[in-house]
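Student: Pasting a structure here, questions to come.
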Amino acid sequence: MLRNANVSERWQSRPIVSVVMANYNGGAYLGDAIKSVQRQTLRNIEIIVSDDASSDCSVEIVTQLMADDDRILLLRSDRNRGPAAARNEALGLAKGQWIAIVDSDDFIHPTRLATLVESGVRDGADIVADDLLIFDTDHSFPPKTLLNGRWTKAPFWIDIDSYVRANSLYGRGPIFGYLKPLFRTALVSATSARYSERLRIGEDYNLILTLLRAGARFRIYPDLLYFYRKHNSSTSHRLQTNVLEALKAVDLQLIEQLQPKEDRLRAEVKARINSIDTALAYEKVLSSLKSANWIQAARTIVANPKTLPLLRLPIMARLQRVRSRRKFVNTRFDRRQVCVLSRQRVVGPTNGSSVYLLDLVKAIAGSGVDVHFLSPSSTTLGRWPYIALSDDLSIFKSVRIHGTWRLGRYRVSLDPRRFLRGALAVCDMAALKLGLTNRSYSKKDPYSIAQPLTRRDQLFIARHAPIIGDFLIADYCFLTDALPFALRPEAGTAVIMHDRVSSRPGQFAALNESGVEAALTEEKECELLARADIILAIQWEEADFVRQRLPTHRIIVAPLAARSADAPQPGHDDQILFVGSAAAANVDGLRWFIDHCWKTIRRLHPAAKLCIAGTVSQYMGAMPEGISAAGLVKDLDPLYSQAGVIVSPLRIGSGLKIKLIEALSRGKSVVGTSKTLQGVGKYLADCIVVEDDPERFAEAVVKLLIDRKARIVLASRGLRQVQEHFTPEKCYGSFVREIVSQ
């Protein structure tokens, strides 16, 4: 056995986890497996790749990865001895407090090691394991899980008798021997436990059984964090005669070692041996049938009657595969496929984030690729029982929203409770509009974009994303957690920031406001962002923030592109316009403007009128004289055309600056705050009037209203900057080329 030099100097402190990866000619998937371990949120690990005399490119792959990551240790055998022997070599060198087993053709979720170690320490477990998400490598059949039904409800302990019982062949429950466990290194050292090198499959089961006999406590967590790949060269699902004989021999040896006090265990092991005998007889029957030796097959069935019911298994398996293949249509595309994972309620350009996403997708689709919208959570619907898709979403090749049924351009919820909640929300909004109340009593749904994925959400992604996921885009940092469930570890990935989410709680607190949709620390936000290959920042200040914390990451600045007007549009001398969605920052800013600026504006310019466009108006209640609410407007052109001044009184958020760029591109004059310019001041500082004091803000609005020439001069500056820095090519070109080239 050969190994790379200076192993003794590799660690100055003991790693928390030693990841053991046995490999034999696994070059096709080995790189993805190692990279998934490298990307773990638990950084203090070592990765021991034990190569079992591979003749393919495996060693070269590991060597290349080692050049940039000194956590990787390569062991090389001069002859092929099987996965058990390869793992035993690694166990002898493991320095971690825990040992994790990962196969070289599988991959794991970025949070797997941290989650299992934390859970195991908290619960006092010696062995921990999670559920498997099982998929075939060409994605011809729907993925499935090892655990189902009652096994998925909550974590559970497994004692030694139950463990052996669950690993009898042809049983009804899940076979826990397929799990890929983590176990405490101290336990392995104390028991000198090793894998049985007689076994080519079932070696995991045998080692865990040894540890359980030594008193280990085994806890299983039904989290889908391990991605188990099945392919033509997989060995773990093959039960040839020689494999079964080895399994039986090891169990017979165990029977001889059992003490009288282990009678219950002896009974379970004997039952497992009986199941192996049945499997051996079944293999003999199949062999006889294949060679048309009907008499021998009949004799074997008579001698082993339990094999008769098993003859249905090949037929049932074939029928199930045919049915699954028919249901799981594996479309093959000639063009590159891009999958956008989003939980935005995207029905059209109704808010800043939707405007940006649709504009970006339009640029991507224009490069000759197909773009798909995949929403993994029914929370996308908000409090409504349906979502209506506008013609703007025709740029997507397909639109799927979990938990909905397609009815024309509508996606209708399958949950009847949503219809009741939607009706209550309508009544609440009507009461607010009629002046029966001055505040909304309807409880808003949780911020859908930040909600954790459920098990069903994860399986929805695993079912639909693989065939459309040549490149994956996570809409907001929260959905980078979903990327591995697309089961395309080789695919390129990107995340759209939209905003510095971690900055928002502090901004709200500074204003003594409570409207923050989701709270993240800077550390957690950067951790989520780092899970994608490319971070798409929407303005320069956010890009600088990320570069300081993730200096080795690929960061692209892609602000909203604008199609600018030919000339300034000064509008009417008495018309003010505010455009915004019901996002918390817009609600806060508009309230500030109405409460602290409007009286001054009306005193200085009695004819002034304010029009509020967008869903923000539904949270304003009764409004003062001179203010009208247009609500959600499909075509904003007439409102922009009439407006003399656009106001952007933001006090919170770095964000997209979409409404600012949109206003400037239409040739309008804008009055905003320093927050309005945050992140884009590099180019737009001289293009708007900036005032943070409410009195001065109001005066600036009035000055522009009564001075048409000043409006034209200001708008001209904005148009020049938009035309120079915010064209589609300037904004999206770099990112689109990255997608096409991968």
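Each value in this text was obtained by applying a stated rule to the coordinates, not by laboratory testing. Bear in mind the structure is a predicted one, so any value in this text is a computation, not a measurement. Methodologically, a virtual Cβ is constructed for each residue, glycine included, from the backbone with ideal geometry; neighbour enumeration extends over all protein chains shown.
Student: Determine, from the Cβ-Cβ distance of V740 and Y170 and an R0 of 41 Å, the FRET efficiency 1/(1 + (r/R0)^6), rounded to the nearest 0.05. Before the final figure, lay out each step's value.
Tutor: On the way: r = 50 Å, r/R0 = 1.22.
After rounding, the FRET efficiency stands at 0.25.
Student: Please give the length that would be gained between A630 and K709 if that part of the chain were fully extended, namely 0.36 nm times their separation in residues minus their C-alpha to C-alpha distance (nm, one decimal). Intermediate results must be reported in sequence, preceding the final value.
Tutor: Details: separation 79, 0.36 × 79 = 28.44 nm, distance 2.79 nm.
That works out to 25.6 nm of additional length.
Student: Distance between Cα centroids, the range 42-76 to the range 644-689: provide it in whole Å.
Tutor: 51
Student: Just want to confirm a number: the relative contact order over the range 92-177, from Cα pairs under 8 angstrom separated by 6+ residues, in percent. Kindly include the intermediate steps, with their values, before the conclusion.
Tutor: On the way: 42 pairs, mean separation 12.0, N = 86.
Worked out over the range 92-177, it gives 14 percent.
Student: Right, something else. Restricting things to Cα coordinates, could you compute the convex hull volume per residue of the range 132-214 in Å³?
Tutor: On the way: hull volume 11.2 nm³, N = 83.
So the per-residue Cα hull volume is 134 Å³.
Student: Just to be sure I understand: of the beta bridges DSSP finds with both ends in the range 2-237, what percent are antiparallel, rounded to 5?
Tutor: Numbers: 14 of 40 bridges.
Taking every DSSP beta bridge within the range 2-237, about 35 percent pair in antiparallel fashion.
Student: Going by how many other Cβ atoms sit within 10 Å of their own, how do L374, L308, L453, L536 line up, fewest first? Working shown, then result.
Tutor: Numbers: L374 23, L308 12, L453 19, L536 27.
Ranking L374, L308, L453, L536 by Cβ neighbours within 10 Å, fewest first, gives L308, L453, L374, L536.
Student: If you don't mind, another one. Taking K and R as +1 and D and E as -1, what net charge do the other residues with C-beta under 14 Å from the C-beta of A281 add up to? Kindly include the intermediate steps, with their values, before the conclusion.
Tutor: Details: positive: K248, K284, R299, K306; negative: E245, D277, E283.
Local charge sum for A281: +1.
Student: Still on this model: May I ask which residue of P110, A279, V671 lies farthest towards the positive end of the charge dipole of the chain, with charges of +1 (Lys, Arg) and -1 (Asp, Glu) on Cβ and the Cα centre as origin?
Tutor: The residue sitting most towards the positive pole is A279.
Student: Next question. Report the charge-dipole magnitude of the range 575-726 in Debye, nearest 20, computed about the Cα centre from +1 at each Lys and Arg Cβ and -1 at each Asp and Glu Cβ. Don't jump to the answer; show the numbers that get you there.
Tutor: Details: 20 positive and 14 negative charges, 51 e Å.
Computed about the Cα centre, the dipole is about 240 debye.
Student: Got the relative contact order for the range 2-237 handy, in percent, Cα pairs under 8 Å and 6 or more residues apart?
Tutor: On the way: 465 pairs, mean separation 57.2, N = 236.
24 percent.
Student: What number results when the radius of gyration of the range 2-237, computed over Cα atoms, is divided by 2.2 N^0.38 Å?
Tutor: Working: Rg = 16.8 Å, N = 236, 2.2 N^0.38 = 17.5 Å.
So the Cα radius of gyration is 0.96 times the expected 2.2 N^0.38 Å.
Student: At a 10 Å Cβ-Cβ cut-off, how would you order T676, T350, fewest neighbours first? Please report the intermediate quantities before stating the final value.
Tutor: Working: T676 26, T350 21.
Placing the least packed residue first, the sequence is T350, T676.
Student: What is the gain in length, in nm to one decimal, between R406 and W540 on full extension, counting 0.36 nm per residue of separation less the C-alpha to C-alpha distance?
Tutor: Values: separation 134, 0.36 × 134 = 48.24 nm, distance 3.96 nm.
So the extension gain works out to 44.3 nm.
Student: Cα to Cα, under 24 Å, and not fewer than 8 places away if on the same chain: which lysines meet these conditions relative to K659?
Tutor: Excluding near neighbours in sequence, the set is K362, K609, K634, K668, K675, K682, K703, K709, K730.
Student: Can you give the Rg and Dmax of the range 649-742 based on its C-alpha atoms, in angstrom?
Tutor: 15.2, 54
Student: Hey, rough spin-label estimate for Q97 and M620, points 7 angstrom out along Cα→Cβ, what's it come to in nanometres?
Tutor: Spacing of the two 7 Å Cα→Cβ label points: 5.6 nm.
Student: Taking 8 Å as the Cα distance limit and 6 or more residues as the minimum spacing, I'd like the relative contact order of the chain as a percentage. Before the final figure, lay out the partial values.
Tutor: Working: 1380 pairs, mean separation 66.9, N = 742.
About 9 percent, as a whole number.
Student: Counting only helical runs of four or more DSSP H residues, what would the 222 nm mean residue ellipticity of the chain come to if each run contributes -39,500 (n - 2.57) and the total is spread over all its residues?
Tutor: Calculated at 222 nm, the ellipticity per residue is -12000 deg cm²/dmol.
Student: Taking only the alpha carbons of the chain, what extent do you get along each of the three principal axes, in Å, biggest first?
Tutor: 101, 57, 50 Å, listed from the longest principal axis down.
Student: Full-extension gain between K153 and L604, please, as 0.36 nm times their residue separation minus the C-alpha to C-alpha distance. It would help to have the intermediate numbers written out before the result.
Tutor: Values: separation 451, 0.36 × 451 = 162.36 nm, distance 6.48 nm.
So the chain would gain 155.9 nm between K153 and L604.
Student: Further question on the same structure: When the distances between all Cα atoms of the range 594-716 are binned every 5 Å from zero, what whole-number percent does each bin get?
Tutor: Result, from short to long distances: 2, 10, 21, 24, 24, 15, 4, 0 percent.
Student: Along the charge dipole of the range 67-159, which of F135, L73, I101 sits closest to the positive end, that is, farthest toward it, with unit charges on the beta carbon of Lys, Arg, Asp and Glu (+1, +1, -1, -1)?
Tutor: I101
Student: If you don't mind, another one. Could you check the spin-label model distance between S394 and L420? Points 7 Å from the Cα along Cα→Cβ, value in nm.
Tutor: Each label point is offset 7 Å from its Cα along the Cβ direction, giving 4.0 nm.
Student: Would you tally the net charge around Q723, using a Cβ to Cβ cut-off of less than 13 Å, leaving Q723 out, and scoring K and R as +1, D and E as -1?
Tutor: Values: positive: R563, R666, R717, R720, K730; negative: D566, E724, E729.
Local charge sum for Q723: +2.
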